[in-house]
Amino acid sequence: MVNLGRNFKNFLVIEHLDERERLALMKGELDLNSINPEVLKKAKLDVERQIGIITDLGMTHIEIELDSTDAYLSFYPERRKCINELAKSNGLTLSVNLPNSFANGGIGSLRIEDREAATEIQKRHLQLAADIGAKYVNLRPGNVPAENRTGDNRELVHNSLVNSLVELGKFADELGLALHMENNPVFDGICCEIDECLRLVKRVREQDVPIYFNFDIGNWLTNAEITRQAPTDPESQLASIPPDYIKELHLSDYVPGEMTLRPPLHLDLGMLRHYNLERYARLAKIKKAEAVVVETEIRSIEQAINYKDLLRNETDYLFCIFR
């Protein structure tokens, strides 16, 4: 049985606008890109509200997305315990998406001081994940400058990533967490392809460290910007991943040409149509994935205002597919 869940990206921003900002948004005087970052920060930190919405939708899993603010690290022990208990009381499993920006993204750095600093920061996030009762944690493989993505430098980055993943994987395992490495979108220039990611996961596992691979199909679909054509049956990429490498998967879409990542899945805006998603759901079950996390974002003022209906319609659509 696959637990279907989601994270919230920018869905809850309208709940944290003040009256003046909300009116400006509805009049078109404020767009989603110009909303104060503090508003998005408040929305993402409102974990209790996210749990309530997930429960109302009838989903069984929630992913908390940590971001560049690192404000989550200030959650005091009592609040971490309350989030843990609230998720359990609502019958939810929980995962955490680790931050990938600024210092957090240095886990593949060629400078050992940078790599060690990034690893230590991520350990603090892993402790947070354990405190709130997460089962899975997901980590993108770092930010790598363009000059370090080719030739011998690329292999050196791989070695740094493996060292970081070994250290973080051991720490996560001690905390009872399943650490996943997630593939990057093609714009990041490294660890975008499944084979490359699987090789790194295999190298870590060869050191008796249990980590997993979280295949984000939306990130993989960004390859269409390079190939200039939509891939045929993109969901079939799941077939190449060994079942014992999979616990959680990220489900998102991509609109080629528009550079739009994570459009709502039921609107048929990207490359994952209904029949693709049906096959994806079958493969996820065959691979015995434990959780599939829906990653979508609102893209218009109308969607921001009517986000509850959007969430309900998308969830009902996916329930019919994953039944």
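Quick notes
- Gain upon complete extension [residue 74, residue 309; 0.36 nm per residue less C-alpha separation]: 81.3 nm
- Exposure ranking of 290, 29 by accessible area [1.4 Å probe, largest first]: 29, 290
- Greater than 19 Å apart at Cα, pairs in 9/308; 41/135; 170/285; 9/41: 41/135; 170/285
- Principal axis extents of the C-alpha atoms in the range 139-212 (largest first, rounded to whole Å): 36, 21, 19.
- Dipole magnitude of the range 1-51, debye to nearest 20 (Cβ charges: Lys/Arg +1, Asp/Glu -1, about Cα centre): 220 debye
- If the segment from residue 20 to residue 110 were pulled out straight at 0.36 nm per residue, it would be longer than the present Cα-Cα gap by 27.7 nm.
- Seen from all directions on average, the range 66-207 presents a Cα convex hull projection of 8.8 nm².
- Rounded to the nearest 20, the Cβ-based charge dipole of the chain about its Cα centre (Lys and Arg +1, Asp and Glu -1) stands at 640 debye.
- Relative to the Cα centre, the charge distribution of the range 168-258, modelled as +1 at Lys and Arg Cβ and -1 at Asp and Glu Cβ, gives a dipole magnitude of about 240 debye.
- When 315, 93 are compared by accessible area at a 1.4 angstrom probe, the order from most to least is 93, 315.
- If the chain linking residue 33 and residue 49 were pulled fully straight, counting 0.36 nm for each residue of separation and taking away their Cα-Cα distance, it would gain 3.5 nm.
- When restricted to Cα atoms, the range 22-85 yields an Rg and a Dmax of 14.5, 41 Å, respectively.
- The alpha-carbon positions of the range 1-125 define a convex hull whose volume is 142 Å³ per residue.
- What the chain shows is 43 Å² of accessible area per residue, with the surface traced by a 1.4 Å probe over protein heavy atoms.
- Computed with the Debye formula from one identical point scatterer per Cα of the range 126-171, without solvent, the log10 of I(q)/I(0) at q = 0.17, 0.21, 0.23 Å⁻¹ comes to -0.60, -0.76, -0.83.
- In terms of overall dimensions, the C-alpha atoms belonging to the range 175-323 reach 50, 34, 29 Å along their principal axes, ordered largest to smallest.
- Among 256, 296, 207 - extreme Cα towards positive end, dipole of the chain, charges at beta-carbon: 207
- Each helix, a run of at least 4 DSSP H residues, gives -39500 (n - 2.57); summed and divided by the residues of the chain, these come to -13000 deg cm²/dmol at 222 nm.
- Measuring max minus min along each principal axis, the C-alpha atoms of the chain give extents of 53, 48, 40 Å (largest first).
- When the convex hull of its Cα atoms is viewed from all sides, the range 217-266 shows a mean projected area of 4.0 nm².
- Counting heavy atoms of the protein chains alone, residue 6 has an accessible area of about 0 Å² for a 1.4 Å probe.
- The range 164-249 - Rg and Dmax from Cα coordinates, angstrom: 13.7, 44
- Ligands, DNA and RNA left out, the 1.4 Å accessible surface of the range 80-137 is 53% carbon and sulfur atoms.
- Membrane-span-like helices in the chain (whole DSSP H runs, Cα extent of at least 24 Å along the helix axis, mean Kyte-Doolittle hydropathy of at least -1.0): 112-131, 151-174.
- Protection proxy ranking, peptides 224-237, 170-183, 35-48, average beta carbon neighbours within 10 Å, highest first: 170-183, 35-48, 224-237
The values are calculated or read from the model by the stated rules, or taken from the named source; none is laboratory data. Please read these numbers as outputs of a predicted model, since none were measured by experiment. Cβ: placed from backbone, ideal geometry, glycine included. Neighbour counts: every protein chain shown. Just the protein is used for accessible areas: all its heavy atoms, side chains included, with ligands, DNA and RNA removed. Shrake-Rupley method; radii C 1.70, N 1.55, O 1.52, S 1.80 Å.
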